[in-house]
Structures are given as C-alpha cells and as structure tokens.
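Here the structure comes first, spelled out in structure tokens, and everything after it is commentary.
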Amino acid sequence: MLYNIARRVLFSMNPEMAHAVTMSNLDWIVHLGLHKLITHMPDDDPVTVMGVRFPNTIGLAAGMDKDGERVSAFGGLGFGHVEIGTITPLAQPGNPKPRLFRLIPAEGVINRMGFNNEGVVQVLENLRSADAFRLRGGVLGINIGKNAVTPIENALSDYEKCLDAVYDHADYIAVNISSPNTKNLRALQGESELENLVKGITAKREALKEARNGKHVPIAVKLAPDLENDEILRCVDTLMAHGIDGVIATNTTIARKRVEGLQHAQETGGLSGAPLRERSTEVVRLIADHVKGELPIIASGGVMTGKDAVEKMEAGAQLVQLFTGFIYNGPKLVADSVEAVAAWRRAQAN
C-alpha cells in the first residue's frame, strides 16, 4: 500500500527524474529505517557462484546505480549483490533525452541511456558507498563497457582499461557487449569479434593476477536475448573455451512483439520488464541445458514476482537479478524473491 502511494508520486514524474529523486533519497531512507515500513531484511540464503560467496541469490542488475553511489543503501534493501555500471574509461553523457520510457500496461521500460556515467576514475571514488555492504558480506559487481567515441575495432582497449582500473575493487566483473544503445556494440557478439575480445580480456586478467599474487577476480559476460539460439550457444562455447567464469542472461531486447500498440512501444532502445520474462527464461534454459553446470548463469530479465525468480532458478540459473520489477513493485520484491528462492532450494535439497 505504502509503495503504491510512492509509486504514484514517482510515476507522475518523467522516468529519468523519478530515478534521480529515488537515488538522491535512498541513503537517508535506508539509514533511518523507513524502508522497513514496506519490506524487511530477508534471512541469508548463501550460495557460492564463480568461487564467490553470495549471501543470497538475488541481486540488483546493472543500470540502476550506474556510478556506484548507493551500493550499501541497495544492500540495506536485502540485495545479496549489487552490480554497478555500466562504466566506461572516460565520463560520457549518454544519449540525448528523453531516453527512458515506461510502458505501464505491460510493466515494461524502454531505455536508450547509452552508458551515461562519470567514468571509471570518479566511479572508483564513489565506491566508498560499498564499504558497509561488503563488510557484512555483500557482493559488488562492476559492469564495464566501451566509450561511444571509441571505434568498435578498438573496443578491447576500453575493456582492458576498465579491467585494469576496477580489478582491485570488484568481487566480480561483468562485461557488457550486448546493450542495444551503443552503436555497433552488439557486433562484439559476432564469432571472430567475440573470440578476439574474450581472448584479450582473459589475457589481461592473467597479467593482473600475476601482478597481484594470483588474485582471481571472476568475469561474467552479458549476452543479448535477440541472438538466434545457435548464436547464443556459439557465444557460450567461446566463453567457456577461454575461461570466462559466468554468463549473464540476458540484456534488454529490441523486440517489440509483446508491446505492439502501446504508447512508447516504438521508441528505440532496449525493452525490459515483464515483456522480456519469457524469452530471458528461455535463454537461461537453453544455456543451462547446453553447459550442464559447467558455466554459472546469472538470470536477468522480467523478474516481477518471487515466482518469476524461482522460474529462473528452475530454468538453470544460479543467481537472479532485478531491475524493472524493482521499479514497478518496490523493495518488497527483493525479500519476496530471496524467500521464494530459499524455499525452492530447501525443497530441492529434501
């Protein structure tokens, strides 16, 4: 009830303004415990994925806290991991506004933000916001991408710069090659392009490990749902062949089949939320059936209820991320999802 009132106020603003208002007030809301009026901290349900202990299976997807300013506040809402970013080597403003649109009847969002962020140097300064969260066992993921001005043939250089900068600050690193909002970025999922990129990234990690007494920071790669199934499996085989630690399935979609005729449906950008749920789960299941447990899957896309989170786990995921569902259904979705998955895992163990 209380979140419905808050949502009504936020939804009266344009989406980007509502996001800014939420972010600017989140610290004090959590610090004063006001969030406890609408949710509660779920009990730990620990799981080890990619060699990292996560306090629970539910995380915040990249895109909500782009600049790493509110990590502990989000952790205070019950998330077991928070993935910040996407960040790029240099600060950039992203695409022109308006660039964020709600499709309320479908519980969807279209964004074409374009990796707007403060750049890796400033983001690392901001990450003091993660200290309290990590101290109590929360997991910090850092999602990296390329600058818009960097030619696609030089993309590896941007990923290497980010990897170098964030290596000592992340519990895992996510590589974003699947956003539809940076020109030609999705071409990096092509056969030779992905091979070259992944080889370069893992070679860079080996050099960083050697310089840091063998410290291994896991790397996951985020894939698009719009690839054909055989292309997805080809990507997954490449990731496994070169020692990538996990796959995030999936990014937003450019498909519009489930939202045709709705206001804003024809806006360019990536569609997230309920319309993405079915395809995202299908991709998780496809990958899980293919890898037979050899590559951990982080599921992202259309989780609007605790039941949806369980559906991702049933399909073969080891972790689940929220984004658009959090916007539509509020902080209570975090505890609902953690507890639904915990109950499902207990049932599986018996």
Most to least packed among 283-291, 119-127 [average Cβ atoms within 10 Å]: 283-291, 119-127
Would you please give the FRET efficiency between His290 and Gln266, computed as 1/(1 + (r/R0)^6) with r the Cβ-Cβ distance and R0 = 25 Å, to the nearest 0.05? 0.15
Calculate the spin-label point distance for Trp28 paired with Glu125, positioning each point 7 Å from the Cα along the beta-carbon direction, and give it in nanometres. 2.3 nm
Restricting to Cα pairs under 8 Å and 6 or more apart, the percent relative contact order of region 134-221 works out to 33 percent
So if R0 is 45 Å, what FRET efficiency would Arg234 and Arg136 give, r being the distance between their Cβ atoms, rounded to the nearest 0.05? 0.65
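If the viscosity is 1.002 mPa s and the temperature 20 °C, what Stokes-Einstein diffusion coefficient in µm²/s follows for region 50-99 when Rh is the Kirkwood radius over Cα pairs?
Stokes-Einstein gives a translational diffusion coefficient of 172 µm²/s.
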Using only the alpha carbons, work out the radius of gyration and Dmax of region 114-270 in angstrom. 16.6, 56
Spin-label point model (7 Å from Cα, Cβ direction): what's the Asn4 to Lys307 distance in nm? 1.8 nm
Check: region 205-263 dipole with +1 on Lys, Arg Cβ and -1 on Asp, Glu Cβ, in debye: 320 debye
Just the Cα atoms of the chain, one point each, no solvent: what log10 I(q)/I(0) does Debye give at q = 0.07, 0.10, 0.16 Å⁻¹? -0.25, -0.54, -1.61
Return the calculated 222 nm mean residue ellipticity for the chain, to the nearest 500 deg cm²/dmol, obtained by summing -39500 (n - 2.57) across DSSP H runs with n ≥ 4 and dividing by the residue count. -12000 deg cm²/dmol
Along principal axes, largest first, the alpha-carbon spread of region 1-142 in whole Å comes out as 42, 39, 28
In debye to the nearest 20, the charge dipole size for region 1-147, taken about the Cα centre with +1 at each Lys and Arg Cβ and -1 at each Asp and Glu Cβ, equals 360 debye
Under the Karplus relation with 6.51, -1.76 and 1.60 and θ = phi - 60°, whole-Hz ³J(HN,Hα) for region 65-70, x at Gly and Pro, equal 10, 4, 10, x, 8, 9
Pick out, from Met23, Gly114, Gly141, the residue whose Cα sits farthest towards the positive end of the charge dipole of the chain, with +1 on the Cβ of Lys and Arg and -1 on the Cβ of Asp and Glu. Met23
In units of 2.2 N^0.38 Å, what is the alpha-carbon radius of gyration of region 232-317? 1.17
Could you give the accessible area per residue of the chain, probe 1.4 Å, as a whole number in Å²? 42 Å²
Checking rank on 324-337, 74-87, 93-106, 305-318, with mean other Cβ inside 10 Å and highest first, the result is 74-87, 324-337, 305-318, 93-106
Where nothing but the Cβ of Lys and Arg (+1) and of Asp and Glu (-1) is charged, how large is the charge dipole of region 15-69 around its Cα centre, in debye to the nearest 20? 80 debye
Burial-style ranking of 9-16, 221-228, average other-beta-carbon count within 10 Å with highest first, yields 221-228, 9-16
Among Lys204/Lys312; Lys183/Lys307; Lys204/Lys292, which pairs are too far apart, with a Cα-Cα distance over 30 Å? Lys204/Lys312; Lys183/Lys307
Given a cut-off of under 8 Å on Cα pairs at least six residues apart, what relative contact order in percent is computed for region 45-190? 24 percent
Label point at Asn213 placed 7 Å out along Cα→Cβ; residues across region 104-138 whose backbone nitrogen lies under 18 Å: none
Take the alpha carbon atoms of region 123-156, find their center, do the same for region 23-96, and report the distance between the two centers in whole angstrom. 13 Å
Taking +1 at the Cβ of each Lys and Arg and -1 at the Cβ of each Asp and Glu, which of Asn56, Ala187, Met304 sits farthest along the dipole of the chain towards its positive end, judged by Cα position relative to the Cα centre? Met304
Mean separation of Cα contacts under 8 Å (at least 6 apart) over the residue count of the chain, i.e. the relative contact order in percent, is 18 percent
R0 of 35 Å, Cβ-Cβ distance Lys199-Arg53: FRET efficiency to nearest 0.05: 0.75
Carbon + sulfur, % of accessible area of region 168-254 - ligands and nucleic acids excluded, 1.4 Å: 45 percent
Accessible surface of Ile110 in the full protein assembly, 1.4 angstrom probe, to the nearest 10 Å²? 0 Å²
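The values are calculated or read from the model by the stated rules, or taken from the named source; none is laboratory data. This structure is a prediction, so every number in the text was calculated from the model and none was measured. Cβ: placed from backbone, ideal geometry, glycine included. Neighbour counts: every protein chain shown. These accessible areas exclude ligands, DNA and RNA; they are computed on the full protein's heavy atoms, side chains included. Shrake-Rupley method; radii C 1.70, N 1.55, O 1.52, S 1.80 Å.
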